[in-house]
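To start, the structure under review is shown below, and the notes come after it.
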């Protein structure tokens, strides 16, 4: 039950990063959807405000919120709240009480723990997904500046992949030569005859 409650806490109460706490994962995901769409805590937004949304965050939020609502209804026979945090915390209280009464088996605890941790992992993975940035210099290994992607569009041959907690990775889409780490990327620019600013690469636009 400890892992179930820890996942519920991270999803609906607060997240933990070492000794520091932060916003719950469901709130973070809602904000990723609703910063430009007027979405409220309940998930609602006015028609005039539904202009710009993060489609990936919206799809993920709707999927997880729907699963939480179904889980809550199955456990309580009560109509779910529009806020998934409310449903998740209410379900956790009902589930823990049933466990204390001996009505929940060890297998059911394992299944519930895996489900809650899966929701948390999916949200973490969304925020930790790699970001790809174009580097518009010719590859010093094969000499190409552009290549054709799978749709036949011309794109930069060199792309930098940035992932939280990992070093920058630059790869050529033609010869597959790789450069890992800031110093290696700087050497790449020198070899191409066009010095690269690694901080500038991090601040550049993301490849769509």
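The values are calculated or read from the model by the stated rules, or taken from the named source; none is laboratory data. On a predicted model such as this, the values are computed, not experimentally measured, just so you know. Note: ideal-geometry Cβ built from the backbone for every residue, glycine included; neighbour counts use all protein chains shown.
Tabulated data
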| quantity | calculated |
| --- | --- |
| Those residues of the stretch 120-144 which are at pLDDT 90 or above and under 30 Å from residue 14 (Cα atoms), in sequence order | 120, 121, 122, 123 |
| Qualifying residue in the stretch 145-164 (condition: at pLDDT 85 or above, in a helix (DSSP H, G or I) and surrounded by 17 or more Cβ atoms within 10 Å (Cβ to Cβ)) | no |
| Single match in 90, 98 (criterion: assigned by TED's automatic domain parsing to the domain that holds residue 31, part of a helix (DSSP H, G or I) and closer than 17 Å to residue 9 by Cα) | 90 |
| Set 71, 27: member being at pLDDT 90 or above, crowded, with 18+ Cβ neighbours inside 10 Å and closer than 22 Å to residue 125 by Cα | 27 |
| Complete set of residues in the stretch 174-194 that are crowded, with 18+ Cβ neighbours inside 10 Å and not in a helix (DSSP H, G or I) | 179 |
| So residue 69, is it farther than 13 Å from residue 12 by Cα and either assigned to a helix (DSSP H, G or I) or in the same structural domain as residue 28 (by TED's automatic domain parsing) (or both) | yes |
